[in-house]
4 protein chains.
Amino acid sequence: MREPFNPSPEIRATLNDLARVHRILEIEGHGDMSMGHMSYRDPEGRGMWLKRGHLALSEVQAEDFLLVTLDGEVLQGEGFRHLEWPLHAEIFKARPDVNFVGHSHAHYATVFGAGQNELAPVNNHGAWFAEHGVPRFDETSHIITTVDLGIAVARDLGAAEAILLANHGIAFTGGDVRELLLCGIFLEWSSKFQIDLESSGAKFAIPDHAESIEKHGRIYPEPAKENYWKYFNRLLDISEGREPQAI
Amino acid sequence: MREPFNPSPEIRATLNDLARVHRILEIEGHGDMSMGHMSYRDPEGRGMWLKRGHLALSEVQAEDFLLVTLDGEVLQGEGFRHLEWPLHAEIFKARPDVNFVGHSHAHYATVFGAGQNELAPVNNHGAWFAEHGVPRFDETSHIITTVDLGIAVARDLGAAEAILLANHGIAFTGGDVRELLLCGIFLEWSSKFQIDLESSGAKFAIPDHAESIEKHGRIYPEPAKENYWKYFNRLLDISEGREPQAI
Amino acid sequence: MREPFNPSPEIRATLNDLARVHRILEIEGHGDMSMGHMSYRDPEGRGMWLKRGHLALSEVQAEDFLLVTLDGEVLQGEGFRHLEWPLHAEIFKARPDVNFVGHSHAHYATVFGAGQNELAPVNNHGAWFAEHGVPRFDETSHIITTVDLGIAVARDLGAAEAILLANHGIAFTGGDVRELLLCGIFLEWSSKFQIDLESSGAKFAIPDHAESIEKHGRIYPEPAKENYWKYFNRLLDISEGREPQAI
Amino acid sequence: MREPFNPSPEIRATLNDLARVHRILEIEGHGDMSMGHMSYRDPEGRGMWLKRGHLALSEVQAEDFLLVTLDGEVLQGEGFRHLEWPLHAEIFKARPDVNFVGHSHAHYATVFGAGQNELAPVNNHGAWFAEHGVPRFDETSHIITTVDLGIAVARDLGAAEAILLANHGIAFTGGDVRELLLCGIFLEWSSKFQIDLESSGAKFAIPDHAESIEKHGRIYPEPAKENYWKYFNRLLDISEGREPQAI
């Protein structure tokens, strides 16, 4: 039976950040009507906090989440449980290092996913994915509405940061809320980059694998993540007509 | 002889929705100066309500419609009858399930129509057209100003949701006003998606036909249509400086 | 010796329209810093009214013109005479039907001009050029600063509405100010259209020549030119924060 | 030991211009979160004034610079020294004619740099680079954080105006602040131009080398640089809500 939305102050603060992630992702091209949803592993072990349905990414506020068990039962909150809750739940089950899961239909990443090329670290943003690459789930073009499909996606995701869902969209992850945001943005940006590069017809080389992993470490250390997180939050504040936080 | 514009309150409410469809389609890339027009089958059996001429999609209000018989006689309303009224009339004659017809020169859909590839359900939006595909009318590059051309387009449309008018634009349909809007938007979005995919040069597979039809049923049930309809109306309200309706 | 800017009221009204053409063309992608300039054949036979230099298209007002003879002497007005005055002068000399000449570096038309394909009437906007096509001047990549180059461009323009200046920009013409605007806009739009079509890699057919000429007559009669002219003026008014004229 | 930020009035005026360059470059597509930085050779011989870290290009004001020796010691100013200071320092050491260095991840120039084609003077903006071309540094995909890498980039830059840093970004230079701005903007614009041209699949010819050098001289003399500099400053003023300077 559903209880009212009643997170602890700590969880509520994180949900406020996660709501901001939704709104930033809308600015960065992830919006598709009211589709797309991000989630947060409940730190009290009850399951996950999942954006409720019928809202665009641009419309999500801190209170627009449901507490859902990893078996799909809604424990707290009003509103529609997105059909694709198993996508989130099965990634949380399979990946203890992941505390945040995102799903969207970002245009360029979805276009890239509908093709059969490998995403390569051909620019800085692509280096986010240098170690594991970005696998592609192409068993089906369906949305991920069943536990079996959720398990299959989590299996193909493996240890990677993100996965392309062919003919549908993407899923992406983070250990913290900042990583979730950057993972989503960089997947979209690097997809557009590679599409533009491929479209030009120019020959191109893929940087060395070991060098790309080393590059990832160099350009995305802890302070850089914090720095970029703050940047996108200032961007959001400005776009919503607020004075941004001092730098 | 023309009467003043005098729809019943019920019809007027629908024309208000249809005016909003015009303005939303402008936001979504369907505008081409004052070209493009949508129509509504008159529920009292007198013909159709067709947007009047000389207005951009962005400028259409509830009163900017003419009541026109399916033989082209203007019964109500002031202003210019678009030359392409036969396109609407012949689709209404051929398709009793269709209550709304749209015509525009949406950029990407028109580009796609000028080529010779088949539109495929390679993303969610393309799945709207999964069952029938999107036929291409390429007998002529002319606009559809004669009854004969209207008949030919309606014939090639067959049971499909929309048709590409080669070197000219598109026509699209709906059983209700929400379907008309989504059909127009999804045709433009899926055309851009496939153009971007093809431009990249990546190999791609087309999802299985039966699976795509099943997907259509899963992602576009009645509540989803209502949900997306409300989303686009909030988008319009915000873009026109109004407070959107509560979600 | 230069006189102060002192056009007749009739000429001033036309220069006001021509200033608006500059500003509309900026909205439509023709701007390139302070480059690009339009001109009007002086109806009193003294030469031409040419936009003065150092202004962006977006900044041109009715008083920002010089009266220049077709030999390049400035008769009226303050400010810099664009180096490319011979482009205008020689087209006016060669084409008595032309009363307005435009030159810009509109992005897509300039890209198209740098390639070697023929612009084809593959959409409505391209049909503007159906009869004569759009020739390409590729003797040089230089800007048109000499009378000899002006003569060469006018020769290659022939009876056409516009010409591609390879590796540089475009020139376009009109019998009246409305035709100038539409010619410039349609050249940019149809170039983008064909580039997008070609980039997709799709096969495409070019509509029949005679049919395209017939189409031109059907979709661009006198009332349509007036209708589109008014549309773009409303667009400009809105973009500059004014209430547009009633439709 | 760091002193407080304390430039002379003359230097401060130049840093104000350089801050404006950062903000204009954001408008022109050079922004990538808080990455990208421009520098000014200290006219008093102490090293260079380098934008401090953690700021987006859009956020840079006159006081957001550090005085850094060409060996990397911060002499004046608060805040983070960008890791890539050697990129600036080694170019200043190798090129006495250069007083301003810029580095960004402008999208199209970075895409172009990730491919293997040569940038050619196929439009006016590309003619900026007509004499020397734009070399490509592809020894590594790493950012330029070491003196050795800085030396290698400066070596490959040679006498050129700019260099592509493969899989990373670009570096560009100017003798004065206006040249820095134009060099950065024209590199991005000409990269987009050539990518669009190549993507279309059209055959194209590269203008003659000597003619392109002559063209550079004709279209970019001293007064044109000043003219374009003022144009971009008006653009910035308008975009930041100020009345632009009179033309």
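Just so it is clear, none of the values below were taken in a lab; they were calculated from the coordinates. Note that the coordinates shown come from a computational prediction; the quantities given were computed from them, not determined experimentally. Here the Cβ positions follow ideal geometry from the backbone for every residue, glycine too, while neighbour counts run over all protein chains shown.
Over all orientations, the stretch C:175-236 has a Cα convex hull whose mean projected area works out to 5.3 square nanometres.
A Cβ-based charge dipole, computed about the Cα centre of the protein assembly as shown with Lys and Arg at +1 and Asp and Glu at -1, lands at about 540 debye. Note on B:Glu240 and D:Glu139: the model spin-label points, each 7 Å out from Cα along the C-beta direction, lie 6.1 nm apart. Which value results for Rg/Rh of the stretch C:100-160 when Rg is the Cα radius of gyration and Rh the Kirkwood radius based on the inverse mean 1/r? Looking at the stretch C:100-160, the ratio lands at 0.96. Charging the Cβ of each Asp and Glu at -1 and of each Lys and Arg at +1, and nothing else, the dipole of the stretch C:9-236 about its Cα centre rounds to 340 debye.
Largest mean-square fluctuation among C:Glu26, C:Glu222, C:Glu118, in a Gaussian network model of chain C whose springs join Cα atoms under 10 Å apart, belongs to C:Glu222. Lysine pairs in chain A whose alpha-carbon atoms fall under 28 angstrom of each other, counting only those eight or more residues apart or on distinct chains, come to 12. Compute the distance from the alpha-carbon center of the stretch A:190-247 to that of the stretch B:56-101, in whole Å. A separation of 49 Å, based on Cα centres. A cut-off of 5 Å between modelled amide H atoms, ignoring neighbours fewer than 5 places along the same chain, links B:Phe5 with B:Gly77, B:Glu78.
Rounded to two decimals, the Cα-based Rg/Rh of the stretch B:1-131, with Kirkwood Rh, is 0.99. When Rg and the Kirkwood radius Rh are both evaluated on Cα atoms of the protein assembly as shown, their ratio Rg/Rh stands at 0.97.
Taken over the Cα atoms of chain A, the convex hull encloses 127 Å³ per residue. Where only DSSP H runs of four or more residues are counted, chain C gives -13500 deg cm²/dmol as its mean residue ellipticity at 222 nm, each run worth -39500 (n - 2.57). Each Lys and Arg Cβ is given +1 and each Asp and Glu Cβ -1; about its Cα centre, the stretch B:70-157 then shows a dipole of about 160 debye.
Note on the stretch C:9-236: dipole from Cβ charges, positive end direction compared against C:Leu149, C:Pro43, C:Phe193; the farthest Cα belongs to C:Phe193. Percent of C-alpha pairs per 10 Å bin in the stretch D:13-54, short distances first: 27, 53, 19, 2. Look at the alpha carbon pairs under 8 Å that are at least 6 residues apart: their mean separation over the length of the stretch D:1-85 gives a relative contact order of 35 percent.
Each 10 Å bin from zero holds the following percent of Cα-Cα pairs in the stretch B:62-166: 14, 44, 31, 11, 1.
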